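These notes concern the structure reproduced below.
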Amino acid sequence: METFSFYAFAVLVLGGAILTITRRSAVHSAISLIVSLVGVAGLYLLQQAEFLFAVQIVLYIGGIMVLFLFVIMLVNLDEAAKERQFNGQWLIALICATVVGLQVAWFMTKGAGALKLAQVPVAAAQTGAPVSPGNVEAIADVLFSEYLLPFEVASVLLLVAVVGSVVMAKKRI
Amino acid sequence: MMTGVPLSWYLILSVVLFSLGVAGFLFRRNIITIFMSIELMLNAVNLSFVSFSYELKSVNGHLYTLFVMVVAAAEAAVGLAIILTVFKNRGTLNVDELNSLKN
């Protein structure tokens with residue numbers, strides 16, 4: 001059952017990704033990207049990351065992709081869809097993309113032995129007091145104790161992004 | 001592990017997704033599609049974070065993914081504002097024509 005779900009979500013992810021980078025119209029690309037993001041959200045759920053599943057749906061699909069669609073609506077892309085879609089240096093680009101893929105795959109096969117240390121944290125996790133806290137509780141525990149400073153920095157970063165995008169989109173300050 | 005799906009499958013999926021993002025980033029000419037390819041790459045990295053986190057039984061990977069998502073949201077807001085400004089000033093979104101730094 002789990003293997004079947006993995007295959008189904010993987011097909012969603014890869015099919016959406018391929019359509020995203022090959023579709024001519026930007027709106028079609030964005031909708032394919034939404035399909036791909038739904039697949040990634042399903043894979044999060046498959047790996048018991050319920051909180052990230054919800055965040056992926058709400059933040060990525062509900063927030064970022066709607067923002068993308070609004071921008072596509074605001075700019076006029078009708079004539080852009082008619083002309084050539086791929087840039088002139090496609091041979092170099094193909095070589096670079098293949099090299100990146102092979103590189104990551106090679107490092108992953110080289111580091112396959114390192115994954116054996118997965119047993120150590122399992123023993124450490126068993127000493128914890130709560131038997132099985134939910135995923136959201138576990139994340140909140142660590143986020144608001146160990147990662148409190150990065151959390152605050154992230155909020156400052158979001159504030160800067162809000163101010164920056166308003167400044168850029170405004171005609172005159 | 002009780003799961004029927006090994007870690008390596010998730011990692012291979014992540015590699016393929018990242019490579020597709022790189023290919024889209026390098027191939028396409030429309031700046032909005034290039035931006036979407038960046039989102040694809042970020043998602044590939046997030047997927048590998050969560051997979052390692054599941055394998056190691058720790059929630060630290062989830063937190064990193066959360067922070068990556070926060071940065072992605074900030075990046076999308078600022079980047080799309082830049083795209084709107086570029087379109088307003090130049091009237092095109094083709095990266096081959098946005099070459100005023102080159103000349």
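The values are calculated or read from the model by the stated rules, or taken from the named source; none is laboratory data. Keep in mind that what you see is a predicted model, and the values were worked out from it rather than measured. Glycine gets a Cβ as well: all are built from the backbone with ideal geometry, and neighbour counts include every protein chain shown. For accessibility, only protein heavy atoms count, side chains too; no ligands or nucleic acids. Shrake-Rupley method; radii C 1.70, N 1.55, O 1.52, S 1.80 Å.
A compact table of results
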{"quantity": "Flag for B:L42 being under 17 Å from the mean Cα position of the chain (by Cα) and within 8 Å of chain A (Cβ to nearest Cβ)", "calculated": "no"}
{"quantity": "Residue within the stretch A:39-51 that is under 19 Å from B:A74 (Cα atoms) and either open to solvent by 40 Å² or more (accessible area, probe 1.4 Å) or assigned by TED's automatic domain parsing to the domain that holds A:A8 (or both) present", "calculated": "no"}
{"quantity": "Residues located in the stretch B:1-18, provided they are touching a Leu at 6+ places or on another chain (Cβ under 9 Å) and not aliphatic (A, V, I, L, M)", "calculated": "B:T3, B:S8, B:Y10, B:S14, B:F18"}
{"quantity": "B:F18 being open to solvent by 50 Å² or more (accessible area, probe 1.4 Å) and either more than 7 Å from every other protein chain (Cβ to nearest Cβ) or at pLDDT 85 or above (or both)", "calculated": "yes"}
{"quantity": "Tally, over the stretch B:45-89, of residues that are open to solvent by less than 30 Å² (accessible area, probe 1.4 Å), more than 7 Å from chain A (Cβ to nearest Cβ) and touching a residue at least 40 places away in the same chain (Cβ under 8 Å)", "calculated": "1"}
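Table: residues versus (1) at pLDDT 90 or above; (2) open to solvent by less than 60 Å² (accessible area, probe 1.4 Å); (3) part of a helix (DSSP H, G or I); (4) out of contact with any Phe, Trp or Tyr (no Cβ under 6 Å at 6 or more places or on another chain).
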site	(1), (2), (3), (4)
A:S5	no, yes, yes, yes
A:S32	yes, yes, yes, yes
A:N76	no, no, no, yes
A:A80	no, yes, no, yes
